[in-house]
Each structure stands twice: as structure tokens, then as C-alpha cells.
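S.K.: Attaching a single structure in C-alpha cells format; questions to follow.
The values are calculated or read from the model by the stated rules, or taken from the named source; none is laboratory data. All values derive from a computational prediction rather than experimental measurement. Positions of Cβ are generated from backbone atoms using ideal geometry, with glycine treated the same way; all protein chains shown enter the neighbour counts. We work out accessible area using only protein heavy atoms, side chains counted, and drop any ligands, DNA or RNA first. Shrake-Rupley method; radii C 1.70, N 1.55, O 1.52, S 1.80 Å.
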Amino acid sequence: YIQQVTAEDLEKHPGEGYRANSVIGRSGMELLYEKELKGQDGCEIAILNDAGQKKSVLAQIPKRDGQTIQLTIDAGLQKELYDTYAEDKSCSVAMDPFTGEVLALVSTPSFDSRDFIYGMSQTLWDSLNEDERMPLYNRFRQKLCPGSSFKPVIAAIGLETGAIDPDMDYGNEGLQWQKDASWGKYYVTTLHAYDPVILENALIYSDNIYFAKAALRIGSDKLTDGLDKLGFGEPIPFEISMAQSQYSNSEGIDSEIQLADTGYGQGQVLVNPLHLLSMYSMFVNDGNMIQPVLKYEENAAAKIWKEQAVSAQTAQTVKQSLLSVIENPSGTGASAKIDGVTMLGKTGTAEIKESQDDTTGVERGWFICETTEDMPNQIAVVGMVEDVKTKGGSSYVTQKVRNIAASYLQ
């Protein structure tokens with residue numbers, strides 16, 4: 001991600017050692033760490049004899065090599081994730097949930113950065129810009145509708161506020177429900193009926209109705225306060241700038257229907273994938289949200305972004321339910337089970353449509369899994385794929401993420 005300097009670069013960086021034939025970091029890590037990676041050219045003024053041999057040096061500036069910077073990225077994992085999703089419009093993020101070390105950041109499809117270094121033809125530039133798969137669009141930096149992958153966050157806030165009793169049976173409503181007739185033709189729908197309708201089962205079966213009711217019980221003020229406490233509406237403390245997560249297009253949640261939809265990750269909720277992984281880290285760190293890091297430091301202690309984002313008891317309750325999502329044969333994430341490995345997980349399908357009757361909207365499939373025990377390797381992975389409606393929904397992503405985790409944990 002480097003290019004030849006331009007006249008504008010030379011004007012912007014006077015006296016910093018750039019010349020007309022220099023290269024400069026244009027994006028990515030090369031831009032982020034340009035000052036550290038750049039180094040400095042050396043030069044000397046010397047007197048030579050007739051044979052061209054150096055007689056004396058009048059002045060000298062020694063060359064200074066750029067710093068060696070090691071990232072936390074696992075190159076093998078990065079490549080495997082890219083190859084896995086190369087044909088999909090997707091993003092993936094992997095992180096050590098205990099240290100915060102980011103192991104992979106992937107957006108597909110992508111482009112060959114060498115084309116920018118060596119000079120790009122107008123034809124190639126136009127083809128990249130006009131490609132409907134948007135290869136120049138970095139999806140892992142965006143904020144996206146999380147669908148049911150957001151339900152554990154709602155569960156945690158509900159437990160913290162006392163609005164959710166994990167053992168309370170909300171009652172079987174069938175496959176559609178509305179609070180009352182004031183909602184008109186609007187219903188919350190779900191895919192599975194089950195008994196009893198308690199928190200653990202609601203996560204196992206990914207019940208939209210349970211979490212819509214939970215959000216209403218929490219109330220908009222307490223819910224938005226809880227989300228603010230988890231970092232919504234603020235920058236993620238990370239080397240790469242990421243989109244800030246939101247729960248509304250305005251300042252708050254304006255209606256009961258929007259509040260109910262927020263409960264199962266729809267409505268106007270948009271979450272950055274790295275932020276989502278950081279929130280999931282609280283379930284295995286006694287309620288502390290771990291700060292993601294990209295620059296490697298040997299034996300570095302984990303940095304906490306949000307200390308006691310939730311209580312240790314709340315974190316443990318949600319963790320146990322998310323373990324069942326994979327361990328219970330009826331769980332929506334059961335196909336992600338890896339023999340000999342204990343992981344928590346959650347599926348999600350986010351529907352992007354104009355109205356409840358819209359059948360042409362895009363479906364985004366999500367899956368998150370996270371190791372929970374002391375192991376030689378630790379990993380939390382989130383994958384998101386657009387247009388999964390004809391690919392099997394979130395199960396398409398679940399299997400791919402499961403295989404990535406299994407490969408990494410071997």
C-alpha cells in the first residue's frame with residue numbers, strides 16, 4: 001500500500017526527507033506507521049583523490065533504517081480467511097478474546113495492491129469502481145446490521161437492569177407476536193416454537209419474540225444507557241479507524257416497534273464487527289470488555305476497554321447460555337461443535353428490507369464463536385456474508401467459521 005510521492009505530498013511534508021523519487025505509505029499499515037517505517041536516507045560530503053578514493057569526509061548524515069514493526073496479525077489465518085470467503089461479499093475478524101490481540105482483519109472481495117504501486121490503467125480503475133461486488137469497499141471497517149448475533153448483548157443489559165429473570169417463562173406465542181393492536185399489521189416473527197420460553201432456550205433457538213419482549217421490559221432509556229456503557233456512539237480504541245456502532249439513526253429509540261426490533265438486532269442497530277467481538281470478550285473475562293490491539297508487544301498485559309461492562313455474574317449467565325447454542329443439538333450453532341473444544345457461539349441473520357412484506361431484501365448471515373478455556377491457542381472469530389438467502393442463511397457462515405476455528409486450534 002505504497003505509492004510514489006506526489007507534488008502534494010512534498011508540499012505536505014516539507015523538510016521530512018522526501019524527494020521526487022521517494023515512496024510513501026498511502027493506506028493500510030503503511031499509512032498508519034509511515035513515520036516509523038520510512039527511515040532516513042544518508043549522505044556525505046567527501047574529498048576524493050585522483051583514483052577516486054576517499055581522502056576525508058567533510059560532513060556526514062548516517063542513514064537510518066525504518067523501524068521493524070510486528071503486528072498481532074496471524075498471516076496464515078488471514079490468508080485462510082481470505083481464501084475461504086474469496087467468492088463472497090464478506091468480512092471477518094479474529095481476535096484472542098483474552099489478550100485482545102487481533103489475529104485477522106479480512107474484507108472480500110479485494111484487489112491487488114500492487115496495481116496501485118506500479119500504476120493503474122483507467123480501464124482497471126473503472127472495472128474496480130464499477131464492480132457490483134465493491135472490491136474497494138472495506139467491510140470490516142463498517143457498521144452493519146447484526147441480526148441475532150446481537151441478542152447476547154441485549155441479554156446482558158436485561159440481566160444487569162433486572163428486567164430479565166433468566167428462569168422466567170415468557171410464554172409460547174407461536175411464530176408471530178405483537179404487543180397489542182396499536183402495532184397495526186406489524187408482527188415480530190420467529191422460526192422455532194419451544195418450551196419453556198426462558199433465556200437459555202431463547203438463545204439456543206434464537207427467538208426473536210423473546211428478545212423483542214425483553215427489550216420492551218428493559219425500556220428505551222435503560223437500553224440506550226446500557227449500550228452507551230458498552231461503547232456505542234464512541235470511537236473504538238484501535239489503531240485503524242472503525243465506524244462507530246449505533247442503536248438509532250437519531251439520538252434515541254423513538255417507538256415501541258423500534259425498541260422491540262432492537263432487541264433482536266434489527267431496527268436501526270448497526271455494529272462494527274470488531275466492536276462486536278470486543279463485547280463478546282466480556283463473557284469470558286468476568287464482565288470486562290477487552291480492548292483490541294494490532295501492534296504486537298511481547299508478554300503484553302491485556303488492556304481493558306470497559307472495566308466491568310457487566311457484572312461477572314451476568315457474564316457467566318450469558319456465557320453458559322451461549323455454550324448451549326453450540327453444545328445443545330437443537331442449538332442454531334450446533335454444527336459448529338469441535339470435538340474436544342469448548343466454545344460459545346451465536347448465529348445471526350440480518351434482513352435488510354424496505355418493509356415487513358418485502359421479500360427481495362438482502363440477508364446478511366453472521367456467526368461468532370469464541371474459546372472459553374485455557375488452551376495453547378485462543379480465538380474469537382466473527383464472520384459476515386452478504387446475500388446468504390440462497391446459500392442456506394447463517395448456516396453457510398457457521399460452517400466456514402467453524403472450520404477456520406478448528407484449523408487454528410489444531
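S.K.: Considering the chain as a Gaussian network with a 10 Å cut-off on Cα pairs, which listed residue, Y118, Y170, Y194, attains the greatest mean-square fluctuation?
M.R.: Y118
S.K.: Separate question: Where a Cα-Cα gap under 23 Å defines reach, which lysines qualify for K54, not counting those fewer than 8 residues away within the same chain?
M.R.: Those lysines meeting the cut-off are K63.
S.K.: Decide, for segment 71-152, between rounded, prolate and oblate: order the square roots of the alpha carbon gyration tensor eigenvalues as a ≥ b ≥ c, take rounded if a/c falls under 1.5, and otherwise choose prolate if a/b is larger than b/c, else oblate. List each step's numbers first, then the result.
M.R.: Working: a/c = 2.68, a/b = 1.56, b/c = 1.71.
It is oblate, given that a/c is not under 1.5 and a/b is not larger than b/c.
S.K.: Ok, one more. For segment 91-167, run through the trypsin sites (Lys or Arg not before Pro) and keep only the ones in DSSP coil with at most 11 other Cβ atoms within 10 Å of their Cβ.
M.R.: Numbers: sites: R114, R133, R139, R141, K143; in loops: R133, K143.
Taking segment 91-167 and a limit of 11 other Cβ atoms within 10 Å, no loop trypsin sites (Lys or Arg not before Pro) are found.
S.K.: Tell me, what is the FRET efficiency for Y187 and R19 to the nearest 0.05, using R0 = 45 angstrom and their Cβ-Cβ distance as r?
M.R.: Numbers: r = 67 Å, r/R0 = 1.48.
Approximately 0.10, to the nearest 0.05.
S.K.: While we're looking at this one, here's another question. In the structure shown, do any of K89/K306; K229/K337; K213/K400; K143/K346 have a Cα-Cα gap over 24 Å, and if so which? All intermediate terms of the calculation are to be shown ahead of the outcome.
M.R.: Values: K89/K306 31 Å; K229/K337 32 Å; K213/K400 32 Å; K143/K346 18 Å.
As for pairs spanning more than 24 Å Cα to Cα, those are K89/K306; K229/K337; K213/K400.
S.K.: Now for a different question. Hand me the GluC sites (Glu not before Pro) from segment 302-410 located in a DSSP loop with no more than 16 other Cβ atoms within 10 Å, in residue order please.
M.R.: Values: sites: E307, E327, E351, E354, E363, E370, E373, E386; in loops: E307, E354, E373, E386.
Here the GluC sites (Glu not before Pro) that fit, given the DSSP loop and packing criteria, are E307, E354, E373.
S.K.: Compute the relative contact order of the chain as a whole-number percentage, counting only Cα pairs closer than 8 Å that sit 6 or more residues apart in sequence. Present the calculation step by step, with values, prior to reporting the outcome.
M.R.: On the way: 834 pairs, mean separation 65.6, N = 410.
Contact order relative to length: 16 percent.
S.K.: While we're on this one: Rounded, prolate or oblate: which fits segment 219-338, taking a ≥ b ≥ c as square roots of the Cα gyration tensor eigenvalues, rounded meaning a/c under 1.5, else prolate when a/b beats b/c? Numbers along the way, then the final one.
M.R.: Details: a/c = 1.73, a/b = 1.10, b/c = 1.57.
It comes out oblate by the Cα gyration axes.
S.K.: Please identify, among Q78, Q142, Q176, the residue showing maximal mean-square fluctuation in a Gaussian network model of the chain using a 10 angstrom Cα cutoff.
M.R.: Its mean-square fluctuation being the largest, the pick is Q176.
S.K.: Protein chains only, probe 1.4 Å: how do F98, F140 rank by accessible area, largest first? Mind showing how you got there, number by number?
M.R.: Values: F98 60, F140 20 Å².
Result of the area sort, largest leading: F98, F140.
S.K.: In the set (i) 163; (ii) 231; (iii) 184, which value of volume of the Cα convex hull per residue in Å³ was calculated from the structure you see?
M.R.: Answer label, from the structure shown: (iii).
S.K.: Keeping all protein chains in place and using 1.4 angstrom, which order do I61, I204 fall into by accessible surface area, from largest down? Working shown, then result.
M.R.: Working: I61 85, I204 0 Å².
My answer, sorted largest first, is I61, I204.
S.K.: Classify segment 120-206 as rounded, prolate or oblate from the Cα gyration tensor: take a ≥ b ≥ c as the square roots of its eigenvalues, call it rounded if a/c is under 1.5, otherwise prolate when a/b beats b/c and oblate if not.
M.R.: Working: a/c = 3.42, a/b = 2.39, b/c = 1.43.
Note, shape of segment 120-206 comes out prolate.
S.K.: Which ³J(HN,Hα) values, rounded to whole Hz and listed in residue order, are derived for segment 185-194 from phi using the Karplus coefficients 6.51, -1.76 and 1.60 in 6.51 cos²θ - 1.76 cosθ + 1.60 with θ = phi - 60°, glycine and proline given as x?
M.R.: 8, 8, 10, 8, 10, 9, 9, 10, 9, 7
S.K.: Which FRET efficiency, nearest 0.05, do T342 and N299 yield, Cβ-Cβ r, R0 30 Å? All intermediate terms of the calculation are to be shown ahead of the outcome.
M.R.: Working: r = 26 Å, r/R0 = 0.86.
The calculated FRET efficiency here is 0.70.
S.K.: Sticking with this one: Pick out which of E239, E160, E16 has the largest mean-square fluctuation in a Gaussian network model of the chain, springs linking Cα atoms closer than 10 Å.
M.R.: Most flexible of the set in this elastic network: E16.
S.K.: Hey, with R₀ at 41 Å, roughly what FRET efficiency would E11 and M134 work out to, going by the Cβ-Cβ distance, to 0.05?
M.R.: Working: r = 32 Å, r/R0 = 0.79.
Plugging the Cβ-Cβ distance into 1/(1 + (r/R0)^6) gives 0.80.
S.K.: Using a 1.4 angstrom probe and counting only protein chains, how large is the accessible area of I368 in Å², to 10?
M.R.: For I368, solvent-accessible area is about 0 Å².
S.K.: From the phi of every residue in segment 237-251, what ³J(HN,Hα) in whole Hz does the Karplus formula 6.51 cos²θ - 1.76 cosθ + 1.60 yield, where θ is phi - 60° and glycine or proline is x?
M.R.: With coefficients 6.51, -1.76 and 1.60, one gets x, 8, 4, 8, 5, 10, 4, 7, 5, 9, 10, 7, 6, 10, 7 Hz.
S.K.: Counting each DSSP H run of 4 or more residues in the chain as -39500 (n - 2.57), what helix-only mean residue ellipticity at 222 nm follows after dividing by all residues, to the nearest 500 deg cm²/dmol? Walk me through the numbers before you get to the answer.
M.R.: On the way: 14 runs with 128 residues, N = 410.
Helix contribution divided over all residues of the chain: -9000 deg cm²/dmol.
S.K.: Amide H to amide H under 5 Å from S22: which residues, 5+ apart in sequence or cross-chain, H placed 1.01 Å off N in plane?
M.R.: Result for S22 returns V5.
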